[in-house]
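The values are calculated or read from the model by the stated rules, or taken from the named source; none is laboratory data. Treat the numbers as computed from the prediction; the structure is a model and nothing was measured. All Cβ positions, glycine included, derive from the backbone under ideal geometry; neighbour counts span all protein chains shown. Areas reflect the complete protein model, heavy atoms only, side chains present, ligands, DNA and RNA absent. Shrake-Rupley method; radii C 1.70, N 1.55, O 1.52, S 1.80 Å.
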Amino acid sequence: MSASLIEHFASLEDPRIERNKLYPLKEILLLTVCGVLSGADGWEAIEQFGEAKLEWLRRFCPFENGIPSHDRIANVISRLNPKRFEDCFIDWTQTVTGVTEGEVIAVDGKTVRGSRDRRRGRAALHMVSAWAVSNRLVLGQEATAEKSNEITAIPELLELLALKGCIVTIDA
């Protein structure tokens with residue numbers, strides 16, 4: 001299977017109506033994923049990444065209308081089906097990384113800093129992550145209601161990743 005990010009995300013449904021498609025979905029996805037993988041930590045940073053790397057991005061997509069604004073990027077990405085996006089992303093990362101037999105996958109849970117919102121009565125977000133040690137890449141994550149519920153999220157995450165012949169480690 002091809003390692004092309006664009007091909008792996010081709011099945012993702014564009015939530016916009018036809019007349020509002022100045023920027024093709026594949027360009028917005030390419031820009032966003034490449035920006036985030038390059039360290040962009042917000043919508044403005046993704047836009048700035050795109051402006052700085054426009055010629056490089058045009059090697060993969062035409063970007064005939066240039067780089068979309070950070071507001072447009074945020075609007076499109078926030079309207080995508082998160083489960084379908086996750087499926088496409090995991091499929092792509094597994095193809096790119098080529099997880100092989102004997103690969104060490106470290107599973108660990110963490111509380112996301114700054115995710116607690118006292119004013120709205122929301123507890124902190126807890127995530128269980130699967131880290132491919134030799135590829136230095138997070139293969140997937142699963143949210144849990146509380147830190148104590150990590151044990152229920154781990155089997156779901158491992159099933160989602162469909163690992164074969166890998167060594168899975170879990171901290172106590």
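Here are the numbers for the structure shown:
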| read-out | value |
| --- | --- |
| Residue check for I73: touching a residue at least 40 places away in the same chain (Cβ under 8 Å) and touching an Asp or Glu at 6+ places or on another chain (Cβ under 8 Å) | yes |
| Evaluation of L57 against (1) free of Cβ contacts under 8 Å to residues at least 40 places away in the same chain; (2) more than 22 Å from C88 (Cβ to Cβ) (one fails), failing number | (2) |
| Residues (part of a helix (DSSP H, G or I) and open to solvent by less than 50 Å² (accessible area, probe 1.4 Å)) located in region 71-85 | I73, A74, V76, I77 |
| E103, sole failed condition from (1) modelled with pLDDT of 95 or more; (2) more than 18 Å from the chain's Cα centre (by Cα); (3) crowded, with 16+ Cβ neighbours inside 10 Å | (1) |
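A quick yes/no check of all residues on (1) open to solvent by less than 30 Å² (accessible area, probe 1.4 Å); (2) assigned to a loop (DSSP other than H, G, I, E, B); (3) farther than 23 Å from P82 by Cα; (4) at pLDDT below 95:
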| residue | (1), (2), (3), (4) |
| --- | --- |
| P15 | no, yes, no, yes |
| Y23 | yes, yes, no, no |
| K26 | no, no, no, no |
| D41 | no, yes, no, yes |
| G50 | yes, no, no, no |
| R59 | no, yes, yes, no |
| N65 | no, yes, yes, no |
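Yes or no, residue by residue, for (1) open to solvent by less than 50 Å² (accessible area, probe 1.4 Å); (2) aliphatic (A, V, I, L, M); (3) outside the structural domain of S11 (by the TED database):
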| residue | (1), (2), (3) |
| --- | --- |
| I90 | yes, yes, yes |
| V107 | yes, yes, yes |
| G114 | no, no, yes |
| L125 | no, yes, yes |
| V133 | no, yes, yes |
| L163 | yes, yes, yes |
| C166 | yes, no, yes |
